[in-house]
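Only the coordinates and a few stated rules stand behind these numbers; no lab work does. What you see is a predicted model, and the numbers here were worked out from it, not measured in a lab. Backbone-built Cβ (ideal geometry, glycine too); neighbour counts: all protein chains shown.
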Amino acid sequence: VDVVAVTKGKGFQGPVKRWGVKILTRKKRKTKRAVAALGPWKPSRVLYTVPRPGQMGFHKRTEHNKRILKIGEDGSEVTPKGGFLRYGVIRSDYILIKGSVPGPAKRLIRLRYPARPPKGAPTEPPNITYISLESQQGR
């Protein structure tokens, strides 16, 4: 399946955190955590390809080709002791997905049929032998 969701918001960030620009050396003038050169004299505007500060996170993103491991109704089958960190105890239906999912723990996500399904994807459901219910607190 494809997973569509809004990512975690990180607010207004500079180019170092947002785009991974190198921090300048100590002898550079004015600032260290900025882009060294914004571009040439001509064209006399800043190109869109130059890394600039701005909003980071809270964007709609799609993760492709995730595999559904299990769909269930009884949350006690998968809930660890003390519940999931930053979520709690599962009290309703659930879906186990292999891989990462955008957004924080309680954000609504949308699942859809894959837009680009992989060629050799298995069609039969996986055989899950063990799910650890140990506490996630204090690791």
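Rounding to the nearest 20 debye, state how big the charge dipole of region 40-94 is about its Cα centre with +1 on each Lys and Arg Cβ and -1 on each Asp and Glu Cβ.
560
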Query raised in the report: Under a GNM of the chain (C-alpha, springs under 10 Å), which listed residue has the highest mean-square fluctuation: GLY57, GLY82, GLY120?
Result: GLY120
Query raised in the report: Any idea how far the Cα center of region 96-139 sits from the one of region 1-54, in Å?
Result: 33
Report summary line: Dipole check, the chain, charges on Cβ (K,R +1; D,E -1), about Cα centroid: among GLY120, ASN65, GLY83 the Cα furthest to the positive pole belongs to ASN65
Query - Highest-fluctuation residue, LEU69, LEU24, LEU108 considered, GNM on the chain with Cα pairs under 10 Å - result: LEU24
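Using a Förster distance of 30 angstrom, determine the FRET efficiency expected from the C-beta separation of LEU69 and ARG110, and round it to 0.05. Provide the component values of the computation, followed by the final result.
Working: r = 18 Å, r/R0 = 0.61.
For LEU69 and ARG110, the calculated efficiency is 0.95.
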Requested in this report: Report the FRET efficiency, 1/(1 + (r/R0)^6), for ARG26 and ILE97, where r is their Cβ-Cβ distance and R0 is 41 Å, rounded to 0.05.
Outcome: 0.35
Report task. In debye, nearest 20, what is the charge dipole magnitude of the chain about its Cα centre with +1 on Lys and Arg Cβ and -1 on Asp and Glu Cβ, if you could check? Result -> 1740
Report summary line: Per residue convex hull volume, Cα only, region 6-87, in Å³ is 191
Report summary line: For LYS10, counting only aspartates and glutamates whose alpha-carbon sits under 20 Å away and dropping same-chain residues fewer than eight positions off, the answer is GLU63
Requested in this report: Report Rg/Rh for the chain, rounded to two decimals, where Rg is the Cα radius of gyration and Rh the Kirkwood radius.
Outcome: 1.13
Report task. Please give the length that would be gained between THR123 and TRP41 if that part of the chain were fully extended, namely 0.36 nm times their separation in residues minus their C-alpha to C-alpha distance (nm, one decimal). Result -> 23.8 nm
Query raised in the report: Over region 23-139, what is the mean sequence separation of C-alpha contacts under 8 Å (at least six apart), divided by residue count, expressed as relative contact order in percent?
Result: 26
Report task. Could you work out which residue, out of TYR113, TYR87, TYR48, moves most in a Gaussian network model of the chain, that is, has the largest mean-square fluctuation with Cα springs under 10 Å? Result -> TYR48
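Can you pick out the pairs among LYS32/LYS106; LYS17/LYS106; LYS22/LYS42; LYS8/LYS42; LYS30/LYS106 whose Cα atoms lie more than 31 Å from each other?
Beyond 31 Å: LYS32/LYS106; LYS8/LYS42; LYS30/LYS106.
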